[in-house]
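S.K.: Sending over a structure as C-alpha cells; questions will come in a sec.
The values are calculated or read from the model by the stated rules, or taken from the named source; none is laboratory data. This one's a predicted model, so the numbers in the text were calculated from it and none came from an experiment. No Cβ is skipped: glycine too gets one built from the backbone with ideal geometry, and neighbour counts run over all protein chains shown. The area values use the complete protein model at the heavy-atom level, side chains included, leaving out ligands, DNA and RNA. Shrake-Rupley method; radii C 1.70, N 1.55, O 1.52, S 1.80 Å.
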Amino acid sequence: MGRSDQVVCADTAWFDDIRGREPVPADETEAEALLTSRDAFQEGCLADRSAEDLAALSTGTYVEDLDRFREALGVEQLDFLGFSAGTEVGALY
C-alpha cells in the first residue's frame, strides 16, 4: 500500500490531439497519424517506466491489489461495482 504512483505516458497536449481525431481513419494519412500518436504514447510509457514494470500492469495485478486492500481493511469481502473494463475486474475478483 502506498508504494505506487501513476504511469505518465503522455502530456495533456497528446490527449487533446488524440481526442480531436476520428477513431477510424478515413485515409492513409489519418492512419499514419494515429500510428505516430500510438508510438509516441508507447515511447512516453517506456520513458517513465521499464518494460518489465509495464508488463506487470494487468487486470490480474489489479485484482491482486484489491484483495490486498481487502486484507488491509480486515474484512472478509469487498463490494465492487465495475463499469466498462471494470466488469472484467469484478468477474475475476
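S.K.: Please go through (1) surrounded by 13 or more Cβ atoms within 10 Å (Cβ to Cβ); (2) in a helix (DSSP H, G or I) for Cys9 and return the number of the only condition it doesn't satisfy.
M.R.: Checking Cys9 against (1) surrounded by 13 or more Cβ atoms within 10 Å (Cβ to Cβ); (2) in a helix (DSSP H, G or I), the one that fails is (2).
S.K.: Quickly run through segment 17-31 and pick out the residues that are surrounded by 10 or more Cβ atoms within 10 Å (Cβ to Cβ) and either in contact (Cβ under 8 Å) with a residue 12 or more places away in the chain or closer than 18 Å to Gly44 by Cα (or both).
M.R.: Asp17, Ile18, Arg21
S.K.: For Gly2, work out the one condition from (1) open to solvent by 50 Å² or more (accessible area, probe 1.4 Å); (2) modelled with pLDDT of 95 or more it doesn't fulfil.
M.R.: (2)
S.K.: If you take the residues of segment 53-93 that are outside any helix (DSSP H, G or I) and within 24 Å of Val8 (Cα to Cα), which of them is least open to solvent (accessible area, probe 1.4 Å)? Show your work before the answer.
M.R.: So the first thing to find is which residues in segment 53-93 are outside any helix (DSSP H, G or I), and the list is 56-58, 74-85, 93.
Retained after the next criterion (residues that are within 24 Å of Val8 (Cα to Cα)): 56-58, 82-85.
On the way: Ala56: 53, Leu57: 111, Ser58: 59, Gly82: 20, Phe83: 155, Ser84: 103, Ala85: 74 Å².
Here the answer is Gly82.
S.K.: Restricting attention to segment 66-88, which residues are over 19 Å from Ser4 (Cα atoms) and among the hydrophobic types (A, V, I, L, M, F, W, C)?
M.R.: Looking only at segment 66-88, we keep the residues that are over 19 Å from Ser4 (Cα atoms), and these are 74-88.
Val75, Leu78, Phe80, Leu81, Phe83, Ala85, listed by residue number.
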